[in-house]
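Heads up, the thing below is written out as structure tokens.
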Amino acid sequence: MSMDKTYDPLQGFRRISEMWESQLNGMLYMMTDNNEFVRLLKVGTDSHARYMERLRKNQELMAGVMNIPTKKDIANVAKLSLQTEEKIDILEEQVWNLQDSLESLNKGNVAMFQEMMTIIKQMNDESAFIQTEFQNLRQEISQLTDIKQELAALKNLVHPLQTKDRENELVLTGASSDGRG
């Protein structure tokens, strides 16, 4: 075991490929370094570009007649699709914002209604207290009315006695001091 190297057939192929590549690149460089070749290539490229433009226009006309979409149509559809997705995203964001604002508004409304219920309960309690006080006042007024009636009755009882005393006083005052009478 003098050397543990094995023969790799791909390495030889790789070396030959690299040599051919360098030789072809050199040859192409020398061929294209010529001004005449560049002018000829320019003329060929220009004519090819005109040919491709005519072909594209003819394809668009034929596609229009046959109702087949062209690359331009597909590109427009893709563009519209992207615009639609962006608009949908914007709408989704607006809907989420609207939902958030409605949620906060609902929370505010719930808090307001709870506060209103508390106030209404307090008002009911106060109105019940006022009704109780009002009933107590009615009872006191009815008692006062009863007392007033009793006083009037007592006054009527006392009044005839006073009128009799007055008559007696009148008589007495009307009497002379001689004792005539």
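The values are calculated or read from the model by the stated rules, or taken from the named source; none is laboratory data. Here the structure is a predicted model, which is why all the values come from computation and not from measurement. Methodologically, a virtual Cβ is constructed for each residue, glycine included, from the backbone with ideal geometry; neighbour enumeration extends over all protein chains shown. The protein model used for the area step is the full one, side chains on, heavy atoms only, and it has no ligands, DNA or RNA in it. Shrake-Rupley method; radii C 1.70, N 1.55, O 1.52, S 1.80 Å.
Worth a mention:
- Highest-fluctuation residue, Ser81, Ser17, Ser101 considered, GNM on the chain with Cα pairs under 10 Å: Ser17
- Solvent-accessible surface (1.4 angstrom probe) belonging to Val43, in square angstrom, nearest 10: 100 Å²
- Cross-link partners of Lys71 among lysines, defined as those whose alpha carbon lies under 21 angstrom from its own and excluding same-chain residues fewer than eight positions apart: Lys57, Lys79.
- Per atom type, the stretch 8-154 shows carbon and sulfur on 62% of its accessible surface, probed at 1.4 Å.
- Coordinate range of the alpha-carbon atoms in the chain per principal axis, descending: 182, 72, 35 Å.
- Accessible surface computed residue by residue for the stretch 30-79, with neighbouring protein chains in place and a 1.4 Å probe, gives 94 Å² per residue.
- Charge dipole (the chain, unit charges on Cβ, about Cα centre) - positive-most of Ala49, Ala128, Leu102: Ala49
- Max mean-square fluctuation residue, GNM over the chain, Cα-Cα springs under 10 Å, options Ile74, Ile120, Ile16: Ile16
- Choice from Gly108, Gly12, Gly26 showing the highest fluctuation, given a GNM over the chain with Cα pairs closer than 10 Å: Gly12
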